[in-house]
Amino acid sequence: MNAREAFSGGVAVITGAGAGIGAGLARHASRLGMTVVLVDVDGAAVATLREELTAAGGSAIDIVCDVRDAEAVQALADTVYRDVGDVRLLVNNAGIEQFGYLWDTPVANWQRVLDINVTGVFHGIRAFLPKMMATTAPAWVWNLSSVGGVAVVPLQAPYIVSKHAVLALTECLHLEVQSAGHDHHVHIQAVLPGAVVSNIFESAGGVQSGDASAAEAQRMAMLDIKAEAMDPLAAAEAVFEQAAEGRFYLLTQPDYVGSAMAERARVLTSQAAPRLRTERRFDPAEN
Ligand SMILES: NC(=O)c1ccc[n+]([C@@H]2O[C@H](COP(=O)([O-])OP(=O)(O)OC[C@H]3O[C@@H](n4cnc5c(N)ncnc54)[C@H](O)[C@@H]3O)[C@@H](O)[C@H]2O)c1
């Protein structure tokens, strides 16, 4: 099956759709012919994107919802099923970054990363998956992990922890859907982007006390990588095609992310301690 066959209609719900990867996925879903529900805490951003998609002949609605709020996410699911239709694609995409040494990290920043990046995904699953499993219609759930879900990176520990957690959550969920007998129509998939153009580093948290300059240096190093980052629409095309092919791990840059996965496997197999890289950015060729 290709993406046009799998995703030429139906409803797509995308959290964090106001910017970056979520906006790219929304634009591509709309191009394929899906009705797109644009969800974000940034109401202006999703309203602007809704106008763009509808002006181009697409069908889209925008809803303000904070994925940290379990009741709000449940209300979102109820509203979408009642007013828009059955959901064919749920993308738990909303996520944030955090820079700095772990010991300098404010408790509130740690909590915010885990609340949005991990618990937000859990809220999406709880609210939408039972409704998807209640029919026999084909349905897809994509959870946003990262190349950081298989790498270890100093000065980004809360984010890296969250992305490892989302990967594990998604792998467990894949097995649970099989175990409960719904895997013939419900597809659980993990998205692992490499660098994709977005606002994530600009809006990332830092540290107020301790070594703030180390935190900012890491942010700058990540912003440097942006020069080579992938266009979100191209990333979306790759993800939609791999999903339709039935892959579990959806990689925006298969060579780059695939080499990080191989490196993680090699480190675990060798049982060697993590090594500090001379370059802060991830480069599989260094090992
Ligand atoms: N951009 C990359 O290079 C990259 C790489 C790997 C993984 N990812 C993952 O992709 C996802 C999207 O990131 P992005 O880079 O497009 O970021 P982004 O900052 O450009 O967009 C994230 C969107 O999420 C929204 N958001 C933040 N908190 C929210 C909340 N509590 N509830 C609802 N919406 C909320 C923001 O308003 C924003 O519109 C994240 O999960 C991120 O970890 C990104």
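Number of residues in segment 56-75 that are part of a loop (DSSP other than H, G, I, E, B) and either in contact (Cβ under 8 Å) with a residue 60 or more places away in the chain or open to solvent by 30 Å² or more (accessible area, probe 1.4 Å) (or both) equals 5. Inspect all residues belonging to segment 201-217 and state whether any of them is within 15 Å of V257 (Cβ to Cβ), touching a strand residue (DSSP E or B) at 6+ places or on another chain (Cβ under 8 Å) and within 12 Å of the ligand (Cβ to nearest atom). No - not one qualifying residue is present in segment 201-217. The residues in segment 1-34 that are farther than 17 Å from A77 by Cβ and either β-branched (V, I, T) or assigned to a helix (DSSP H, G or I) (or both) can be counted, and the count is 17. Tell me, yes or no, whether segment 60-78 has at least one residue that is basic (K, R) and closer than 25 Å to S162 by Cβ. Yes, that holds for at least one residue. Is there a residue in segment 22-37 that is more than 9 Å from the ligand (Cβ to nearest atom), open to solvent by 20 Å² or more (accessible area, probe 1.4 Å) and touching a residue at least 60 places away in the same chain (Cβ under 8 Å)? Within segment 22-37 (the criterion being more than 9 Å from the ligand (Cβ to nearest atom), open to solvent by 20 Å² or more (accessible area, probe 1.4 Å) and touching a residue at least 60 places away in the same chain (Cβ under 8 Å)), the answer is yes, since at least one residue qualifies.
The values are calculated or read from the model by the stated rules, or taken from the named source; none is laboratory data. Only a predicted model underlies this, so the values are computations on that prediction, with no experimental measurement involved. All Cβ positions, even for glycine, are placed from backbone atoms using ideal geometry, and neighbour counts span all protein chains on display. What goes into the accessible areas is simple: the full protein's heavy atoms, side chains included, and nothing from ligands, DNA or RNA. Shrake-Rupley method; radii C 1.70, N 1.55, O 1.52, S 1.80 Å.
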